[in-house]
Amino acid sequence: MSEIQSYLRSLERSRDSMRPENRPATFWLRGRQWALLDTVFAPLHAGTTEVVLDLLGLSGPVQQPRRGAFLEIGCGTGVVAVTAALAGYSRVVASDVNADAVKNAALNARRHKVTDRVHAVHSDLFEALPTGQRFDTIIWSSPYVRAPEDYRFGTLLERAYVDPGYQAHRRYVDEAPHWLNDGGRALLHFSSRGDIDGLHRIAEETGRHLQVISRHTIVDRGDTVEHMLVDIRARGESATAHTEEPLQHGLSPQPA
């Protein structure tokens, strides 16, 4: 395991993000002001939220309004979900296992006047969603750093940083495609800080195929980290026009 894949290092980041100087009541991101509640993942403390906006094409002015239903798993402050609504999605569900994050997403939906389109839900992945709901786009910016299977979370915030034994990843890869409308996309934001071989094993065992749609490389605290937007499909399902390349086994992080 490389240093950037260290779960202990990620847990230290989690603790550092709770320092008072890293917890302003509001923050600015991509030209908009957002509320931040205690115990919720702080986008200003990590660049991943901006990376997700870039990967989804939601960073700048939208050339063509988005359509359909959008689900964000692990919504945190709701930046991505609210931005999706502002980009034109007619129905947006923002889901998080952290009840404070659900409140935070609802606050930001009100702040940006999209409460008619954004519904915040307290749910562990898909567990609390109505079974009949279907979506055109599902996205999870996962806690891609793998912790030992027997690790027990010390705080709720740690769930946003590490995934013990990739148990949550297994559930997402297995379940996400079942929640799609015809022609929909189940997407995973992953990075070279994660266990890519482990993700491939999960895909093999659950009958899924992983395809990279786009990549974005950033320097994060001195480390060069490659971020990927991965499309999850049933094995054997034909590739769609937005796919780019298979997710490579054993992808190693680039040297800093």
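Laboratory data are not the source of any read-out in this text; all were calculated from the coordinates shown. In this text the structure is predicted, and so the values were computed from the model without any measurement. Positions of Cβ are generated from backbone atoms using ideal geometry, with glycine treated the same way; all protein chains shown enter the neighbour counts.
Between THR26 and SER123, the contour length at 0.36 nm per residue exceeds the alpha carbon distance by 32.5 nm. The order of THR224, THR48, THR131, going from fewest to most other C-beta atoms within 10 Å of their C-beta, is THR131, THR224, THR48. Taking every DSSP beta bridge that has both ends in the chain, the antiparallel portion is near 50%. Considering only PRO130, PRO164, PRO148, the mean-square fluctuation computed in a Gaussian network model of the chain, springs between alpha carbons under 10 angstrom, is largest for PRO130. Comparing PRO43, GLY194, PHE70 along the charge dipole axis of the range 3-235, the residue lying farthest to the positive side is PHE70, per the Cβ-charge model.
With one equal scatterer per alpha carbon and no solvent term, the Debye-computed log10 I(q)/I(0) for the range 36-84 at 0.13, 0.27, 0.33 1/Å reads -0.32, -1.16, -1.44. Each pair of Cα atoms in the chain enters the Kirkwood radius, and Stokes-Einstein at 37 °C and 0.692 mPa s then converts it into a translational diffusion coefficient of 179 µm²/s.
Considering only Cα atoms, the convex hull volume of the range 74-208 works out to 113 Å³ per residue. Applying 1/(1 + (r/R0)^6) with r as the Cβ-Cβ distance of ARG201 and ALA99 and R0 = 35 angstrom yields a FRET efficiency of 0.60. Extents of the range 56-96, largest first, come to 29, 19, 13 Å (Cα atoms, principal axes, whole angstrom).
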